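Heads up: the structure comes next, in C-alpha coordinates.
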Amino acid sequence: MVESAPALLSPLVLLVLLGVFAYGAAAGAAVLHARAAGTAPVAAIAAPARESARLLVQRRRTVPGADTLLWRLGGALLPVAAVLAAMVIPLGPVAVSDLSVGVVWFNAMEVLAWCAVWLLGWGANSVWGLVGGYRFLVQGLSYELPHMFALITAALGAGSLRVGDVVAAQEEVWFAVLMPAAFAIYLVSALAMAFWGPFDAPVGRDLAGGAAAEPAGADRLVLLAGRYLLLTVVAAMAVPLFLGGGAGPLLPAWAWSLVKTAVVLGALVWIGHRVPTVRMDRFTEVGWMVLIPLSLLQALVVSVLVLVR
(Lines give C-alpha, C1' and ligand atoms only; values in the text may rest on other atoms or scores of the structure.)
Protein backbone atom coordinates (compact mmCIF):
# COMPACT_ATOMS: atom_id res chain seq x y z
CA MET A 1 0.00 0.00 0.00
CA VAL A 2 1.46 3.33 -1.04
CA GLU A 3 0.99 6.18 1.37
CA SER A 4 1.17 9.91 0.92
CA ALA A 5 4.08 10.90 3.14
CA PRO A 6 5.28 14.43 2.43
CA ALA A 7 7.68 14.22 5.38
CA LEU A 8 9.59 11.36 3.75
CA LEU A 9 9.13 12.24 0.10
CA SER A 10 8.57 15.96 0.01
CA PRO A 11 8.27 17.92 -3.25
CA LEU A 12 11.81 19.19 -2.60
CA VAL A 13 13.20 15.66 -2.35
CA LEU A 14 11.27 14.73 -5.47
CA LEU A 15 12.79 17.67 -7.37
CA VAL A 16 16.29 16.69 -6.27
CA LEU A 17 15.79 13.08 -7.37
CA LEU A 18 14.33 14.12 -10.71
CA GLY A 19 17.23 16.51 -11.22
CA VAL A 20 19.81 13.84 -10.46
CA PHE A 21 18.22 11.31 -12.81
CA ALA A 22 17.72 13.92 -15.55
CA TYR A 23 21.39 14.91 -15.31
CA GLY A 24 22.33 11.24 -15.39
CA ALA A 25 20.30 10.79 -18.58
CA ALA A 26 21.97 13.82 -20.17
CA ALA A 27 25.40 12.59 -19.10
CA GLY A 28 24.66 9.10 -20.37
CA ALA A 29 23.66 10.48 -23.77
CA ALA A 30 26.82 12.59 -23.86
CA VAL A 31 28.98 9.57 -23.03
CA LEU A 32 27.38 7.51 -25.80
CA HIS A 33 27.96 10.31 -28.31
CA ALA A 34 31.57 10.70 -27.12
CA ARG A 35 32.22 6.98 -27.59
CA ALA A 36 30.71 7.10 -31.07
CA ALA A 37 32.89 10.10 -31.91
CA GLY A 38 36.01 8.42 -30.56
CA THR A 39 36.61 10.99 -27.80
CA ALA A 40 37.10 10.41 -24.07
CA PRO A 41 33.79 9.21 -22.52
CA VAL A 42 34.85 10.23 -19.00
CA ALA A 43 35.12 13.90 -19.96
CA ALA A 44 31.61 13.73 -21.42
CA ILE A 45 30.10 13.13 -17.97
CA ALA A 46 30.55 16.82 -17.21
CA ALA A 47 29.27 17.90 -20.64
CA PRO A 48 25.70 18.69 -19.41
CA ALA A 49 27.13 20.92 -16.66
CA ARG A 50 29.34 22.76 -19.13
CA GLU A 51 26.46 23.17 -21.58
CA SER A 52 24.19 24.47 -18.79
CA ALA A 53 26.80 27.04 -17.76
CA ARG A 54 27.22 28.14 -21.38
CA LEU A 55 23.48 28.57 -21.88
CA LEU A 56 23.13 30.52 -18.63
CA VAL A 57 25.55 33.19 -19.85
CA GLN A 58 24.31 33.14 -23.44
CA ARG A 59 22.05 35.99 -24.50
CA ARG A 60 18.39 35.12 -24.95
CA ARG A 61 17.30 35.35 -28.58
CA THR A 62 14.66 37.79 -29.76
CA VAL A 63 12.72 36.85 -32.89
CA PRO A 64 10.84 39.60 -34.80
CA GLY A 65 7.08 39.06 -34.69
CA ALA A 66 7.27 36.28 -32.10
CA ASP A 67 4.50 35.88 -29.55
CA THR A 68 6.87 36.09 -26.62
CA LEU A 69 4.32 35.03 -23.99
CA LEU A 70 3.34 31.83 -25.81
CA TRP A 71 6.94 31.11 -26.77
CA ARG A 72 8.32 31.40 -23.26
CA LEU A 73 5.26 29.69 -21.75
CA GLY A 74 5.74 26.69 -24.05
CA GLY A 75 9.32 26.19 -22.92
CA ALA A 76 8.51 26.62 -19.23
CA LEU A 77 5.46 24.35 -19.36
CA LEU A 78 7.47 21.25 -20.26
CA PRO A 79 9.43 20.89 -16.97
CA VAL A 80 6.36 21.93 -14.98
CA ALA A 81 4.28 19.17 -16.59
CA ALA A 82 7.02 16.63 -15.89
CA VAL A 83 7.25 17.54 -12.20
CA LEU A 84 3.47 17.56 -11.72
CA ALA A 85 3.23 14.13 -13.38
CA ALA A 86 5.88 12.80 -10.98
CA MET A 87 3.82 13.77 -7.92
CA VAL A 88 1.87 10.48 -8.07
CA ILE A 89 4.87 8.19 -8.71
CA PRO A 90 5.68 6.23 -5.54
CA LEU A 91 9.20 5.84 -4.22
CA GLY A 92 8.87 2.48 -2.55
CA PRO A 93 5.97 2.75 -0.07
CA VAL A 94 5.52 6.54 -0.27
CA ALA A 95 4.45 9.10 -2.81
CA VAL A 96 4.09 12.86 -2.67
CA SER A 97 0.40 12.40 -3.47
CA ASP A 98 -1.26 8.99 -3.88
CA LEU A 99 -4.37 10.28 -5.66
CA SER A 100 -7.36 7.99 -6.19
CA VAL A 101 -7.12 8.91 -9.89
CA GLY A 102 -3.32 8.90 -10.06
CA VAL A 103 -3.12 7.19 -13.46
CA VAL A 104 -5.47 9.78 -14.98
CA TRP A 105 -3.53 12.62 -13.34
CA PHE A 106 -0.25 11.28 -14.74
CA ASN A 107 -1.69 11.03 -18.26
CA ALA A 108 -3.25 14.50 -18.04
CA MET A 109 0.07 16.06 -17.08
CA GLU A 110 1.78 14.20 -19.92
CA VAL A 111 -0.69 15.66 -22.40
CA LEU A 112 0.52 19.12 -21.35
CA ALA A 113 3.69 18.24 -23.26
CA TRP A 114 1.60 18.47 -26.45
CA CYS A 115 0.62 21.98 -25.51
CA ALA A 116 4.16 22.94 -24.50
CA VAL A 117 5.88 21.87 -27.71
CA TRP A 118 3.10 23.31 -29.86
CA LEU A 119 3.24 26.70 -28.11
CA LEU A 120 7.02 26.65 -28.43
CA GLY A 121 6.83 26.11 -32.18
CA TRP A 122 3.87 28.40 -32.82
CA GLY A 123 4.98 31.32 -30.65
CA ALA A 124 8.46 31.59 -32.19
CA ASN A 125 7.15 32.96 -35.50
CA SER A 126 9.65 30.69 -37.22
CA VAL A 127 9.08 28.31 -40.12
CA TRP A 128 11.27 25.67 -38.54
CA GLY A 129 9.57 26.03 -35.17
CA LEU A 130 6.10 25.89 -36.67
CA VAL A 131 6.84 22.76 -38.70
CA GLY A 132 8.40 21.17 -35.61
CA GLY A 133 5.28 21.95 -33.60
CA TYR A 134 3.07 20.42 -36.27
CA ARG A 135 5.29 17.35 -36.37
CA PHE A 136 4.83 16.85 -32.63
CA LEU A 137 1.06 17.08 -33.00
CA VAL A 138 1.16 14.38 -35.69
CA GLN A 139 3.45 12.31 -33.48
CA GLY A 140 1.07 12.80 -30.57
CA LEU A 141 -1.87 11.59 -32.61
CA SER A 142 0.13 8.44 -33.33
CA TYR A 143 1.32 7.55 -29.84
CA GLU A 144 -1.24 9.02 -27.45
CA LEU A 145 -4.06 6.53 -27.96
CA PRO A 146 -1.81 3.43 -27.59
CA HIS A 147 -0.20 5.11 -24.59
CA MET A 148 -3.57 5.72 -22.95
CA PHE A 149 -4.67 2.14 -23.61
CA ALA A 150 -1.42 0.87 -22.05
CA LEU A 151 -2.09 2.93 -18.92
CA ILE A 152 -5.72 1.81 -18.81
CA THR A 153 -4.68 -1.84 -19.17
CA ALA A 154 -2.44 -1.60 -16.10
CA ALA A 155 -5.22 0.12 -14.15
CA LEU A 156 -7.69 -2.51 -15.38
CA GLY A 157 -5.48 -5.32 -14.13
CA ALA A 158 -5.42 -3.71 -10.69
CA GLY A 159 -9.06 -2.64 -10.73
CA SER A 160 -8.09 0.84 -9.64
CA LEU A 161 -6.78 4.14 -10.96
CA ARG A 162 -4.66 4.63 -7.82
CA VAL A 163 -0.98 4.02 -8.58
CA GLY A 164 -0.49 2.42 -5.16
CA ASP A 165 -3.19 -0.15 -5.94
CA VAL A 166 -1.49 -0.94 -9.26
CA VAL A 167 1.72 -1.69 -7.35
CA ALA A 168 -0.13 -3.83 -4.80
CA ALA A 169 -1.77 -5.88 -7.58
CA GLN A 170 1.71 -7.00 -8.73
CA GLU A 171 2.58 -8.67 -5.46
CA GLU A 172 2.79 -12.10 -7.12
CA VAL A 173 3.57 -11.33 -10.77
CA TRP A 174 4.73 -8.11 -12.39
CA PHE A 175 2.43 -6.65 -15.03
CA ALA A 176 5.37 -6.60 -17.46
CA VAL A 177 5.00 -10.41 -17.50
CA LEU A 178 1.20 -10.53 -17.53
CA MET A 179 0.78 -7.80 -20.16
CA PRO A 180 4.03 -7.59 -22.16
CA ALA A 181 2.41 -5.86 -25.16
CA ALA A 182 1.13 -3.02 -22.96
CA PHE A 183 4.59 -2.68 -21.39
CA ALA A 184 6.31 -2.53 -24.79
CA ILE A 185 3.76 -0.02 -26.09
CA TYR A 186 4.25 2.12 -22.99
CA LEU A 187 8.01 2.25 -23.56
CA VAL A 188 7.61 3.14 -27.26
CA SER A 189 5.07 5.86 -26.48
CA ALA A 190 7.29 7.13 -23.65
CA LEU A 191 10.10 7.70 -26.14
CA ALA A 192 7.70 9.48 -28.50
CA MET A 193 6.29 11.64 -25.71
CA ALA A 194 9.78 12.86 -24.79
CA PHE A 195 10.52 13.32 -28.54
CA TRP A 196 13.61 11.28 -27.86
CA GLY A 197 15.77 9.09 -30.12
CA PRO A 198 13.83 7.59 -33.02
CA PHE A 199 11.00 10.03 -32.36
CA ASP A 200 12.98 13.29 -32.34
CA ALA A 201 11.60 14.49 -35.70
CA PRO A 202 9.85 17.51 -34.04
CA VAL A 203 13.32 18.81 -33.09
CA GLY A 204 15.17 17.15 -35.97
CA ARG A 205 18.35 18.38 -37.60
CA ASP A 206 16.61 18.54 -40.99
CA LEU A 207 14.52 21.38 -39.48
CA ALA A 208 17.53 23.11 -37.91
CA GLY A 209 16.15 22.03 -34.53
CA GLY A 210 12.44 22.34 -35.34
CA ALA A 211 10.45 23.43 -32.29
CA ALA A 212 13.77 23.96 -30.47
CA ALA A 213 15.37 25.99 -33.29
CA GLU A 214 14.89 29.47 -31.86
CA PRO A 215 15.21 29.23 -28.04
CA ALA A 216 18.66 30.28 -26.82
CA GLY A 217 20.28 30.97 -23.49
CA ALA A 218 18.12 30.34 -20.43
CA ASP A 219 15.09 29.53 -22.61
CA ARG A 220 16.95 26.67 -24.28
CA LEU A 221 18.27 25.43 -20.93
CA VAL A 222 14.72 25.22 -19.56
CA LEU A 223 13.57 23.39 -22.68
CA LEU A 224 16.39 20.84 -22.54
CA ALA A 225 15.87 20.33 -18.80
CA GLY A 226 12.16 19.77 -19.40
CA ARG A 227 12.88 17.18 -22.05
CA TYR A 228 15.21 15.18 -19.81
CA LEU A 229 12.82 15.52 -16.87
CA LEU A 230 9.98 14.19 -19.01
CA LEU A 231 12.13 11.25 -20.11
CA THR A 232 12.96 10.57 -16.44
CA VAL A 233 9.34 10.74 -15.34
CA VAL A 234 8.02 8.35 -17.97
CA ALA A 235 10.83 5.92 -17.08
CA ALA A 236 10.00 6.20 -13.37
CA MET A 237 6.29 5.58 -13.99
CA ALA A 238 7.09 2.29 -15.77
CA VAL A 239 8.27 0.95 -12.39
CA PRO A 240 4.95 1.10 -10.47
CA LEU A 241 2.86 0.34 -13.55
CA PHE A 242 4.67 -2.72 -14.88
CA LEU A 243 7.74 -3.61 -12.77
CA GLY A 244 6.25 -4.22 -9.34
CA GLY A 245 7.15 -0.86 -7.82
CA GLY A 246 9.61 -1.24 -4.95
CA ALA A 247 9.34 -5.04 -4.78
CA GLY A 248 12.67 -6.86 -4.62
CA PRO A 249 15.02 -8.80 -2.32
CA LEU A 250 17.55 -7.44 0.17
CA LEU A 251 17.29 -3.75 -0.66
CA PRO A 252 14.58 -1.48 0.80
CA ALA A 253 11.61 -0.65 -1.40
CA TRP A 254 12.72 2.92 -2.13
CA ALA A 255 16.12 1.64 -3.30
CA TRP A 256 14.51 -0.86 -5.66
CA SER A 257 12.35 1.92 -7.10
CA LEU A 258 15.47 3.97 -7.82
CA VAL A 259 17.37 1.00 -9.27
CA LYS A 260 14.51 0.02 -11.58
CA THR A 261 14.06 3.64 -12.68
CA ALA A 262 17.76 3.89 -13.48
CA VAL A 263 17.63 0.68 -15.54
CA VAL A 264 14.57 1.78 -17.56
CA LEU A 265 15.98 5.28 -18.05
CA GLY A 266 19.32 3.86 -19.17
CA ALA A 267 17.54 1.62 -21.67
CA LEU A 268 15.58 4.57 -23.10
CA VAL A 269 18.75 6.66 -23.44
CA TRP A 270 20.58 3.77 -25.13
CA ILE A 271 17.71 3.16 -27.56
CA GLY A 272 17.67 6.85 -28.38
CA HIS A 273 21.35 6.64 -29.28
CA ARG A 274 21.18 3.41 -31.29
CA VAL A 275 17.93 3.70 -33.28
CA PRO A 276 17.80 6.27 -36.10
CA THR A 277 15.00 8.78 -36.46
CA VAL A 278 11.75 7.27 -37.71
CA ARG A 279 9.88 9.02 -40.52
CA MET A 280 6.67 10.63 -39.32
CA ASP A 281 4.48 8.94 -41.93
CA ARG A 282 5.94 5.53 -41.06
CA PHE A 283 5.35 6.04 -37.34
CA THR A 284 1.81 7.26 -37.97
CA GLU A 285 1.10 4.15 -40.03
CA VAL A 286 2.56 1.86 -37.36
CA GLY A 287 0.73 3.73 -34.61
CA TRP A 288 -2.71 3.38 -36.15
CA MET A 289 -2.30 0.02 -37.90
CA VAL A 290 -0.26 -1.86 -35.28
CA LEU A 291 -0.02 -0.16 -31.89
CA ILE A 292 -3.69 0.73 -31.42
CA PRO A 293 -5.06 -2.74 -32.40
CA LEU A 294 -2.35 -4.42 -30.32
CA SER A 295 -3.10 -2.26 -27.29
CA LEU A 296 -6.83 -2.95 -27.62
CA LEU A 297 -6.20 -6.69 -27.93
CA GLN A 298 -4.01 -6.57 -24.80
CA ALA A 299 -6.73 -4.69 -22.92
CA LEU A 300 -9.31 -7.28 -24.06
CA VAL A 301 -7.18 -10.18 -22.82
CA VAL A 302 -6.66 -8.51 -19.44
CA SER A 303 -10.38 -7.75 -19.20
CA VAL A 304 -11.24 -11.41 -19.75
CA LEU A 305 -8.69 -12.51 -17.15
CA VAL A 306 -10.12 -10.03 -14.64
CA LEU A 307 -13.64 -11.36 -15.24
CA VAL A 308 -12.76 -15.04 -14.86
CA ARG A 309 -10.44 -14.84 -11.89
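Here are the numbers for the structure shown:
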{"item": "Among (1) without any contact (Cβ under 8 Å) to a residue 24 or more places away in the chain; (2) assigned to a helix (DSSP H, G or I); (3) over 22 Å from residue 294 (Cβ atoms), the one test that residue 257 misses", "result": "(1)"}
{"item": "Residues of region 45-83 that turn out to be open to solvent by less than 30 Å² (accessible area, probe 1.4 Å), part of a loop (DSSP other than H, G, I, E, B) and small (Gly, Ala, Ser), as a count", "result": "1"}
{"item": "Given (1) more than 18 Å from residue 108 (Cβ to Cβ); (2) modelled with pLDDT of 90 or more, number of the condition residue 161 does not satisfy", "result": "(1)"}
{"item": "Residue that is farthest from residue 98 (Cα to Cα) [pool: residues in region 165-174 that are open to solvent by 10 Å² or more (accessible area, probe 1.4 Å), modelled with pLDDT of 90 or more and not small (Gly, Ala, Ser)]", "result": "173"}
{"item": "Contacts under 6 angstrom Cβ, first residue in region 133-148 being within 12 Å of residue 211 (Cβ to Cβ), partner outside any helix (DSSP H, G or I), 6 or more apart", "result": "none"}
{"item": "Residue check, residue 73 modelled with pLDDT under 90 and under 20 Å from the mean Cα position of the chain (by Cα)", "result": "yes"}
{"item": "Extreme residue, surrounded by the most Cβ atoms within 10 Å (Cβ to Cβ), among residues of region 260-309 that are assigned to a helix (DSSP H, G or I) and among the basic types (Lys, Arg)", "result": "260"}
{"item": "Residues that are more than 17 Å from the chain's Cα centre (by Cα) and either modelled with pLDDT under 90 or surrounded by 21 or more Cβ atoms within 10 Å (Cβ to Cβ) (or both), drawn from region 175-199", "result": "175, 179"}
{"item": "Options 101, 42: the member that is surrounded by fewer than 20 Cβ atoms within 10 Å (Cβ to Cβ), without any contact (Cβ under 8 Å) to a residue 12 or more places away in the chain and of a type in the set (Val, Ile, Thr)", "result": "42"}
{"item": "Options 215, 198: the member that is farther than 26 Å from residue 37 by Cα and of a type outside the set (S, T, N, Q)", "result": "215"}
{"item": "Residue count for region 138-164, restricted to those that are open to solvent by less than 50 Å² (accessible area, probe 1.4 Å) and assigned to a helix (DSSP H, G or I)", "result": "16"}
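Results for (1) touching a helix residue (DSSP H, G or I) at 6+ places or on another chain (Cβ under 6 Å); (2) in a helix (DSSP H, G or I); (3) without any contact (Cβ under 8 Å) to a residue 40 or more places away in the chain; (4) charged (D, E, K, R), shown as yes or no for each residue.
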residue	(1), (2), (3), (4)
195	yes, no, no, no
202	yes, yes, no, no
206	no, yes, yes, yes
216	no, no, no, no
223	yes, yes, no, no
230	yes, yes, no, no
233	yes, yes, no, no
241	yes, yes, no, no
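The values are calculated or read from the model by the stated rules, or taken from the named source; none is laboratory data. Quick caveat: nothing in here was measured; it's all calculated off a predicted structure. FYI the Cβ positions are ideal-geometry reconstructions off the backbone, even for glycines, and counts take in every protein chain you see. For the accessible areas, the whole protein counts, side chains as well, though only heavy atoms, and no ligand, DNA or RNA atoms are used. Shrake-Rupley method; radii C 1.70, N 1.55, O 1.52, S 1.80 Å.
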